[in-house]
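Throughout, read-outs are computed from the coordinates displayed, never taken from laboratory work. Owing to the predicted nature of the structure, the values given are computational and were not obtained by experimental measurement. Cβ placement follows ideal geometry from the backbone for every residue including glycine, while neighbour counts extend to all protein chains displayed.
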Ligand code: UDP
């Protein structure tokens, strides 16, 4: 029996593969390598390069490897890109997931862990947002993931699918042992961009919007360490294997930091005062989004171990420095 990890060559997926292999599981990775990296996949996992919507391929993987559960990361995830190319996002995140689900259900694979997002909530306030809050996404990225949540909900009712949808808040950091991290080219995520600025990979960075209704005028987010995030997926898998019910859960710590606080932390931890420019708002950004974090702890027994912003930054920086050293050695 094996676990299928779609998008397992990507940032979060590759950390999930590490955690599964560390736990002694058999892992098959399905990734089209559009944004993932072969080198990020643990050598003990079997990497198959292909598309989640390729029914014949997924059917073959299920029968050859005895797939009993799927953790589905493969997706497009850049909010501003989803604003300029929405149909691409609906194809990658919604249409292809529909095809994957249909193949899985036809083969009687009914355990599914889904990467959802806090972007399904849309514009929220400074108060932590609970899973029961209204879902009113303000970006095509958020809508594309919410539509998939609806497909999951209806498939659970109609076909007996058992799933856990985890609504990620802002994922950052890298494997504490330095085995994987974020390699994304042209990164747009705040902690990654700030760490790249600290190691000199970029000349400096911009703060997008200083006139939000937040304490210092910049956007507030709940940053979660990627290793804690994947441990929530392991808990979800355990829950489903024990016959647990279908759940939709926030995955964040319940603490918000502003863009300026994050940049300040990166400058302090790195000891580098890289240039920071104040710029206009970026399309699709809600002012503040912080997780109501009680339900995941109560339902899955999730216990984060790295919930401290300087630790997240330290691990992200360590990864960035390792890659900066590698690229200068190669040059
Ligand atoms: N941000 C910023 N400068 C950057 C990258 C991001 O000011 O170079 C801001 C962005 O506008 C948002 C917050 O940081 O308010 C978090 O953005 P990110 O892209 O990391 O995650 P998102 O919340 O969009 O998923």
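So here's what we get for this one:
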{"quantity": "Degrees, to the nearest 10: 140-159 long Cα axis against longest axis of the chain", "calculated": "20"}
{"quantity": "Extension gain, residue 326 back to residue 241 (0.36 nm per residue minus Cα-Cα distance, nm)", "calculated": "26.5 nm"}
{"quantity": "Sorted largest first, extent of segment 156-300 alpha carbons per principal axis (Å)", "calculated": "52, 37, 24"}
{"quantity": "Rounded if a/c under 1.5, otherwise prolate or oblate - segment 76-134, Cα gyration tensor axes", "calculated": "oblate"}
{"quantity": "Three-way shape call for segment 255-302 based on the alpha-carbon gyration tensor, with the a/c threshold at 1.5", "calculated": "oblate"}
{"quantity": "Sites residue 1 and residue 311, calculated FRET efficiency, Cβ-Cβ separation with R0 41 Å, nearest 0.05", "calculated": "0.75"}
{"quantity": "Dimensionless Rg/Rh of the chain - Kirkwood Rh, Rg from C-alpha atoms", "calculated": "0.95"}
{"quantity": "Cβ-derived FRET efficiency at R0 30 Å, residue 105 paired with residue 85, nearest 0.05", "calculated": "0.55"}
{"quantity": "Extension gain from residue 21 to residue 281, taking 0.36 nm per residue of separation minus the Cα-Cα distance", "calculated": "89.5 nm"}
{"quantity": "Full-extension gain in nm, residue 49 to residue 34, via 0.36 nm per residue minus C-alpha separation", "calculated": "4.4 nm"}
{"quantity": "Helix 11-22 vs. the chain, principal-axis angle (Cα, 0 to 90°, nearest 10)", "calculated": "60"}
{"quantity": "For segment 40-185: rounded, prolate or oblate by the Cα gyration tensor [a/c cutoff 1.5]", "calculated": "oblate"}
{"quantity": "Förster-model FRET efficiency, 35 Å R0, residue 133 and residue 186, C-beta, rounded to 0.05", "calculated": "0.60"}
{"quantity": "GNM result for the chain, Cα springs below 10 Å: residue of 173, 256, 243 fluctuating most strongly", "calculated": "243"}
{"quantity": "Most mobile of 52, 29, 207 in a GNM of the chain (Cα contacts under 10 Å)", "calculated": "207"}
